[in-house]
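Below is one structure; the comments refer to it alone.
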Amino acid sequence: MTAVEPLGNSGDRAAADNAGRAIAVTRGLVMDAIERAGSGHPGAALALAPLAYVLYRQILKADPEDPGWPDRDRLVFSAGHAGLLQYVLLHLCGYRLSMDDLKAFRRLGSPTPGHPERGLAPGIEMSTGPLGQGLASAVGMAIAERQLAGRYNVGGYTVVDHRTFAVVSDGDLMEGVSQEAISIAGHLRLHKLILCYDSNGITIDGTTERTFAGEDQAARFRASGWAVERVEAFNDPAALHEVLARVRRTAEHPTLVIVKSVIGYPARSVQGRPAAHGGLLGAAEVARTKAAMGLDPEEFFAVPDDVYRHLDLRPSGSAARRNWADTFARWSEEFPDLRAEWDRVHSDGPPPKLDVPVFETGIELPPHKASKVIMDALADALPTMSGGAADLLDSTKTAVADAVYAAGSPARNLAFGVREHAMAAVVNGLALHGGITKPFGSTFLVFSDYMRPAVRLSALMGLPVLWLWTHDSVLIGPDGPTHQPVEHLPSLRAMPGLHVMRPCDANETAAAWQVAAARTDGPVALLLARQMLPNLAETAGRAPDIARGGYVLWDPPRPAELVIVATGSEIHPALAAARTLTDEGVPARLVSLPCWDLFEQQSPEYRESVLLEGIRPRLGVEAAAPLGWERWLGPRSATVAMRSFGASAPADQLAEHFGFTAADVVRAARDLMTAAPGDN
Ligand SMILES: Cc1ncc(C[n+]2csc(CCOP(=O)(O)OP(=O)(O)O)c2C)c(N)n1
């Protein structure tokens, strides 16, 4: 057989030659990097080299010299296992990613890890690899583009006008989150969103005949409001270019471009088979494939100068950026206030100190309603803050301003529908895009499970997003155990980098919002009770203490012999219990611990001063699974916590049934004192 079918059948000869060489060199680098690393995924990376070539060289608006240029096109490799292909193109196109970086593929500390990770290599828009996430976050990026275009394209100027591309695989489209996301994108008619679907009919365990082939993807997307294009000649850059350039210019709907590819092509021993997906081709097959492409099999990591020159995007990229910068400068002159706002919302730094409302002592207010008051108060100071709920807006109280985003009329309120998973990934996309300060998503805490993969990525990527989870314990009452979170609190606390804050009243909620608004290097989750809770005198004016994650909420008049540590709604029975115990001769301190992560970051001296290091016993009180409390309580301790699922009954009955009344806390404290006499 002839080795490799000629490239560029439908283009002109010289262009086809240049493209062919660049693509062969790209494939050579992919194989070399995988062989050197000793592992990797050659299949999609080899087959999609022409697609990546066309995207980078001919379609994307991007400048390697300024990879963060706000009006650049976004490109996400949702099939993150093919991320090596992206590294290779970034290198060849002039981004600051060296040949040594490619040689260090998958090595500890390199900017080229096994799957793309945000913040390591320039031009990588997000961490991808969990299938479906990149696709769904790309929807968020496209929403952000529309939002910012709606806000800043004024006076005849166009300062926001770019496309979002994602390369997706069979696996991406099998994941449930993809359906939620394409449904949102179709509904909102995100016409600047373009998915390139690597339709190779292969996954790890076999062909898609066993799993997916009976499903008509074109019909599926069309049914969700998308336009669909097809490219049969996946190896022909001219054919790919024709479709992508047209779609980029004229699309009126989000578009799926189905690229019928052959996995592993042109490595003959594996192409078209599951074996191509991951693993090594081996030196002999690499040599054979290189030779077939006209490359020297004896050369490794070799890039001829003319290929570098052909792919160098710096001249055209910086020209495009300068063009934009001219328009932007004129716009800035005409609209200085908008420009100042633009700088604020695009800044990586924290917003200027935000004034949050002060709540009266003694008023009864559920924290989720306090949160709404705070959100309304911050809506102007954070003019692009946007997000929404997964069809629980009225319950979570998270409407920001009035208007709801609809196709053709972007607004700050996003009606996510009952699509928690895509909501979370979209919120990540809003943050990744930039300019949306601060993006948020909300639902009941128990349904955070439906968001978890994307929440994990928000923490992994250090995204400044806000998760608002209300109805935060079994004490929500009669909806019953299906709606009552138990293990969620400790399991979310286990996620590195996610600040989980569980305020006890309106004052703590306001302080938690300040922490959330100011955080720029990671997500904050606010866990908000929906029970009526009195706003305590003891929490008034304590914002700086609350921001430390833990503080002494109440101290007895005599030296404490017992420390009670509680969070959220359980602060209230715990406070009553501390007072009773003190009156009855056991002076008890009450520590509020709204955010374990932040408390952990305090100095050991501070933590000891709060927890009274050396004073035992300690009692933890929290209406959640008790996992992790030993960290704060030490050996002579007990917890008043949940050890089962909840139940369906009025909240006050549940408090009694599960032992969260003040009397229960007093009893638990006394039991503990008796069990640990003299251990002070
Ligand atoms: C959520 C999730 N589940 C499982 C995996 C492991 N995994 C990586 S690629 C893949 C499927 C490969 O098929 P496809 O996505 O079509 O990619 P191709 O083989 O065509 O490159 C799987 C199951 C993953 N990355 N993410």
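Within segment 400-413, track down each residue that is crowded, with 16+ Cβ neighbours inside 10 Å and either out of contact with any Gly (no Cβ under 8 Å at 6 or more places or on another chain) or closer than 21 Å to Glu180 by Cα (or both).
Narrowing segment 400-413 to residues crowded, with 16+ Cβ neighbours inside 10 Å: 400, 405, 410-413.
Correct list: Tyr405, Pro410, Ala411, Arg412, Asn413.
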Residue pairs, Cβ under 7 Å, 6 or more apart or interchain, first in segment 185-204 and modelled with pLDDT under 95, second of a type outside the set (Ser, Thr, Tyr) and away from the ligand (no atom under 16 Å from the Cβ). List them. none
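Do the conditions hold for Leu354, that is, is it crowded, with 17+ Cβ neighbours inside 10 Å and either away from the ligand (no atom under 16 Å from the Cβ) or within 24 Å of Arg151 (Cβ to Cβ) (or both)? It would help to see each step written out before you state the result.
Values: crowded, with 17+ Cβ neighbours inside 10 Å: no; either away from the ligand (no atom under 16 Å from the Cβ) or within 24 Å of Arg151 (Cβ to Cβ) (or both): yes.
Judged against the criteria, Leu354 is not a match.
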One residue is enough: does segment 186-193 have a residue meeting the conditions surrounded by fewer than 24 Cβ atoms within 10 Å (Cβ to Cβ), in a helix (DSSP H, G or I) and either more than 26 Å from the chain's Cα centre (by Cα) or not aliphatic (A, V, I, L, M) (or both)? yes
When you go through Ala510, Ala560 one by one, which is the residue that is in contact with a helix residue (DSSP H, G or I) (Cβ under 8 Å, 6 or more places away or on another chain) and either in a loop (DSSP other than H, G, I, E, B) or buried (at least 19 other Cβ atoms within 10 Å of the Cβ) (or both)? Ala510
Out of everything in segment 247-264 that is within 12 Å of the ligand (Cβ to nearest atom) and crowded, with 22+ Cβ neighbours inside 10 Å, what residue ends up being nearest to Leu55 (Cα to Cα)? Val259
Is it the case that segment 211-231 has a residue that's within 16 Å of the ligand (Cβ to nearest atom), of a type in the set (Ser, Thr, Tyr) and surrounded by 16 or more Cβ atoms within 10 Å (Cβ to Cβ)? no
Across segment 55-80, what is the total count of residues that are buried (at least 23 other Cβ atoms within 10 Å of the Cβ) and either within 20 Å of the chain's Cα centre (by Cα) or within 16 Å of the ligand (Cβ to nearest atom) (or both)? 7
Within segment 135-167, tally of residues that are away from the ligand (no atom under 16 Å from the Cβ), buried (at least 19 other Cβ atoms within 10 Å of the Cβ) and outside any helix (DSSP H, G or I): 6
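Only one of Ala459, Ala431, Ala454 is small (Gly, Ala, Ser), under 19 Å from Ala516 (Cβ atoms) and either out of contact with any Leu (no Cβ under 7 Å at 6 or more places or on another chain) or not in a helix (DSSP H, G or I) (or both); which?
Working: Ala459 fails: either out of contact with any Leu (no Cβ under 7 Å at 6 or more places or on another chain) or not in a helix (DSSP H, G or I) (or both); Ala431 fails: either out of contact with any Leu (no Cβ under 7 Å at 6 or more places or on another chain) or not in a helix (DSSP H, G or I) (or both).
On inspection, the qualifying residue turns out to be Ala454.
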Of everything in segment 112-134 that's polar (S, T, N, Q) and part of a loop (DSSP other than H, G, I, E, B), which residue is nearest to the ligand (Cβ to nearest atom)? Thr128
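The values are calculated or read from the model by the stated rules, or taken from the named source; none is laboratory data. The model shown is predicted, which means the values in this text are computed figures rather than measured ones. Here the Cβ is made from the backbone with ideal geometry for all residues, glycine too, and neighbour counts use every protein chain on show.
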